[in-house]
Ligand SMILES: [Zn+2]
């Protein structure tokens with residue numbers, strides 16, 4: 001939980017991802033990884049050498065404007081208050097995804113990771129700017145892309161906003177869906193939806209990773225739900 005609290009302590013409003021990017025990569029010191037950054041600022045990480053890779057994605061940015069954040073842990077719940085004790089957002093959307101990916105990079109031997117900048121809408125600017133700008137070359141040898149960027153703890157988005165089919169529901173083994181209580185649902189717009197709109201062929205989805213009230217001052221995480229998401233993603237990667 002300590003690493004998660006440190007992630008929450010770093011504001012990464014869209015366009016200002018440099019600090020979270022640096023801190024995230026520092027946590028990977030000692031691992032043998034190929035880390036690449038494209039001209040737009042998206043990060044691509046490869047671990048291991050294989051003919052094909054599982055791929056997991058999250059976004060580095062968040063919607064909240066920088067403000068003092070005192071992280072509060074109340075049992076299973078994590079949230080933040082400012083200097084006046086008022087609730088402020090923590091950017092769990094999508095620091096929870098970054099936390100999961102940190103664990104996966106430490107435990108899996110073969111893995112590809114895409115970390116996008118500027119996923120969130122910002123005033124007049126549409127969202128998914130990083131994923132709209134990236135090359136598909138990195139994905140040419142991935143079997144699928146699992147996004148960890150969905151609220152809650154039991155939904156797996158397989159159809160994105162605009163009726164964009166991300167993957168066939170049958171991609172996921174039924175016994176794992178049942179074991180972790182996930183179900184396939186239609187959902188909103190995220191980086192994987194933008195990639196599919198651009199014609200990416202590989203199956204994608206977006207998995208609930210334990211955050212609630214995203215984009216709001218009373219945003220919070222239930223840590224056990226985040227841990228469940230990590231366990232689910234880890235087992236899915238071992239299986240498909
Ligand atoms: Zn998000």
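Things worth noting here:
- Residue order, fewest to most beta carbons within 10 Å, for 198, 121: 198, 121
- Relative to the current alpha-carbon distance between residue 169 and residue 136, full extension at 0.36 nm per residue lengthens the span by 9.5 nm.
- Where both bridge residues fall in the chain, DSSP classifies roughly 55% of the beta bridges as antiparallel.
- Our helix-only sum for the chain, with -39,500 (n - 2.57) per DSSP H run of n ≥ 4 divided by its residues, gives a mean residue ellipticity at 222 nm of -8000 deg cm²/dmol.
- Rg/Rh for segment 99-149 (Cα atoms only, Rh after Kirkwood) is 1.03.
- Computed over the chain, Cα set: Rg, Dmax in Å: 16.6, 54
- In terms of other Cβ atoms within 10 Å, 233, 49, 72, 63 run from fewest to most in the order 49, 72, 63, 233.
- Helix axis angle, 92-107 relative to the chain longest principal axis, alpha carbon, degrees: 50
- Sorting 156, 34, 111, 146 from the fewest to the most surrounding beta carbons within 10 angstrom yields 34, 111, 156, 146.
- Spin-label pair residue 83/residue 122, simplified geometry with 7 Å Cα→Cβ offset, distance in nm: 2.5
- What separates the Cα centres of segment 82-105 and segment 9-53 is a distance of 17 Å.
- Across segment 79-183, the convex hull enclosing all Cα atoms gives 167 Å³ per residue.
Values in this text are rule-based calculations from the coordinates and carry no lab data. Given the structure is predicted, the values throughout are model-derived calculations rather than measurements. With ideal geometry, Cβ positions are generated from the backbone for all residues, glycine too; neighbour counts draw on all protein chains shown.
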